[in-house]
Amino acid sequence: FCGEGNIIATALYNYDYPFIRYNTNDSGTVVIDNCKCGIQGQIIKRITGRQTDFLNINGVRIGGPVLTTIWADIDVLQYQFDQTGVDKLSISIVKGNTYSNIDEERLRNRIYSHFGKIELNIQYTKHILPRDGNKYKFIIKSFTS
């Protein structure tokens, strides 16, 4: 297999607890190339992100690194994207001191430029807490396609 996909690993060297087809929840790109040792084979060329760190809205798939650039000049303390439908996105925001209506309009325009016209719900809050005691994630999916 070559191309982008889910990274599934098997490790048989631990006789007490081997991992067989362990889903790492990472996505990556595999190519056929020479290893540093000189043997040719399949090599993970790059890790493209966590499976949960992508939004797939209106057939457009965008990962966390691109989504963080949306906030470049917008004063927010914390944010969280939540995909709630095929073409629905909810964003929770903890505003910074200089956040304004102009910033919200910028945000909306940037989201629409990436995903097209979608149903976008922006809500403001004082805190964004981790769900179910887990660590905080800035991309969550209440909807899976």
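The values are calculated or read from the model by the stated rules, or taken from the named source; none is laboratory data. On a predicted model such as this, the values are computed, not experimentally measured, just so you know. Heads up, the Cβs are rebuilt from the backbone with ideal geometry, glycines too, and the neighbour counts pull from every protein chain shown. What goes into the accessible areas is simple: the full protein's heavy atoms, side chains included, and nothing from ligands, DNA or RNA. Shrake-Rupley method; radii C 1.70, N 1.55, O 1.52, S 1.80 Å.
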Using Cα centres only, tell me the gap between the stretch 27-95 and the stretch 98-145 in whole Å.
-> 15
The aspartates and glutamates whose Cα lies under 18 Å from the Cα of K135, excluding any fewer than 8 residues away in the same chain, are D26, D53, D82
Between T29 and T69, what is the FRET efficiency for a Förster distance of 22 Å, r being their Cβ-Cβ separation, to the nearest 0.05?
-> 0.55
Selection from N25, I62, L12, by position along the positive dipole direction of the stretch 1-114 (Cβ) = L12
Based on alpha-carbon positions alone, could you give the equivalent ellipsoid semi-axes of the chain from the gyration tensor, as √(5λ), descending, whole Å?
-> 36, 18, 15
Taking Rh as the Kirkwood radius computed over alpha-carbon pairs of the stretch 1-76 and applying Stokes-Einstein at 20 °C with viscosity 1.002 mPa s, one gets a diffusion coefficient in µm² s⁻¹ of 142
Share of carbon and sulfur in the accessible heavy-atom surface of the chain [1.4 Å probe, %] = 51
Given the Cα-Cα distance of D16 and C2 and 0.36 nm per residue of separation, how much length would full extension add, in nm?
-> 1.9 nm
Accessible area per residue, 1.4 Å probe, Å², for the chain: what's the number?
-> 67
Report the normalised scattering of the stretch 79-145 as log10 I(q)/I(0) at q = 0.12, 0.28 Å⁻¹, calculated by the Debye formula with identical scatterers on the alpha carbons.
-> -0.33, -1.33
